[in-house]
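Structure first, then comments.
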Amino acid sequence: MVSYVVEDSHAGKRLDRFVSDVEGLSRSHARQLIDAGLVHVDGLPGAASARLAVGSRVDVELRSRAALRGEEEPDPSILRILHEDPELIVIDKAAGLVVHPGGLHQDGTVSQLALQRFGRLSVRGGVDRAGIVHRLDRETSGVMVLARTDTAHEELQRQFKARETAKEYFAIVYGSPRFASDWIDAPIDRDAHAKERMCIVRSGGREASTYWEVLERYDGFATLRCEPKTGRTHQIRVHLASRGLPIVADAMYPVRGRNSLRLPEGAPVLDRHALHAAALTLTHPVSRERMTFTAPVPHDLEAFVQWLSQHRPVSETTRHG
């Protein structure tokens, strides 16, 4: 339960709009709370269209949309905290979590769970994207930064846009890399035939650049360290697949002609693609301190690597190229 006293800046505002603004919720979510009798104005149940007067007290009993439908609520403790201060929060995002509501995924997002756990976040990017500065794909785990204040949000987004941040990813790929390391410079655009996919294009598109290097080689597989210099949607996945090194268990970007890639018999089952945001370096928006945050390789990927070590080893000559 949270309470507010209506100030001059909100005088005459509709109740649903007020709840949406102060709590960083969508208008539809705010109306659901009101319709469920969870919002009171001066002690009485409010109506979504009611206009607020200065000095009125608004009490809001917060519930997720899943809870309003009688479904089990995701546990906000799933957000593993790597760092927290008055300006920003850094988490280790679990695989399977959607960053913000969209399409079929409206509940249990990183943004919603963060609001429940940490309270008010910056809504500079929109009320449905509270705190969100950058994205990780649903199946990608790892380091992600959230903004508590508008000042932090603006400065962090500037750093990402200006490429002043440094990102490092861990990937498990099919194939045997020809080189120990390489750069991939290839523009990316939306696939004209499947809008949920991205693809490399010969002309147009957006500049995209990824550096990668081999960490370890196995029979038919390798682990890579990837450093994307740009932040395009699905960039690492698209770039590696274009070099014949598709990420393990990535059903969206298999290599052409190798659509039947499957995990070896007896290997641990992966229910998501094998990509992990291992480290993020940025400058603190207030203190200006250069900071690096790291997230360990999660258990599912670690188990797969251990299986490769035991069942798919290679000779020393092959390992070192």
Check: Among the candidates THR233, THR294, which residue alone is more than 15 Å from LEU215 (Cα to Cα) and modelled with pLDDT of 95 or more?
Finding: THR294
Note to self: Go through region 224-239 and report how many residues are buried (at least 21 other Cβ atoms within 10 Å of the Cβ) and touching a Leu at 6+ places or on another chain (Cβ under 8 Å).
What the structure shows: 4
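Any idea which residue in region 302-316 is modelled with the lowest pLDDT, counting only those that are outside any helix (DSSP H, G or I) and surrounded by 11 or more Cβ atoms within 10 Å (Cβ to Cβ)? I'd like the intermediate steps shown before the answer.
Step one: filter region 302-316 for residues outside any helix (DSSP H, G or I), giving 312-315.
Next cut, surrounded by 11 or more Cβ atoms within 10 Å (Cβ to Cβ) only: 312-314.
On the way: ARG312: 93, PRO313: 93, VAL314: 86.
Step by step, filter region 302-316, then rank; the result is VAL314.
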Checklist line | Restricting region 81-95 to residues that are among the hydrophobic types (A, V, I, L, M, F, W, C) and crowded, with 18+ Cβ neighbours inside 10 Å, the residue that is nearest to ALA295 (Cα to Cα) | finding: ILE91
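With LEU15, LEU25 as the choices, which residue is surrounded by 15 or more Cβ atoms within 10 Å (Cβ to Cβ) and either over 25 Å from ARG124 (Cβ atoms) or in contact (Cβ under 8 Å) with a residue 60 or more places away in the chain (or both)?
Criteria check complete, one pass: LEU25.
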Check: How many of the residues in region 170-198 are part of a strand (DSSP E or B) and touching a Phe, Trp or Tyr at 6+ places or on another chain (Cβ under 9 Å)?
Finding: 9
Notebook entry, point to check: With respect to SER49, is the statement that it is in contact (Cβ under 8 Å) with a residue 40 or more places away in the chain, of a type in the set (Ser, Thr, Tyr) and not assigned by TED's automatic domain parsing to the domain that holds VAL123 true?
Noted result: no
Check: Restricting attention to region 210-250, which residues are over 20 Å from the mean Cα position of the chain (by Cα) and in a strand (DSSP E or B)?
Finding: TYR211, TRP212, GLU213, VAL214, LEU215, GLU216, ARG217, TYR218, PHE221, ALA222, THR223, LEU224
Margin query: Given the criteria assigned to a loop (DSSP other than H, G, I, E, B) and either touching a strand residue (DSSP E or B) at 6+ places or on another chain (Cβ under 8 Å) or surrounded by 19 or more Cβ atoms within 10 Å (Cβ to Cβ) (or both), does PRO268 qualify?
Written below: no
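The values are calculated or read from the model by the stated rules, or taken from the named source; none is laboratory data. Model, not experiment: these values are computed from the prediction. Cβ atoms come from the backbone with ideal geometry, glycine included; neighbour counts cover every protein chain shown.
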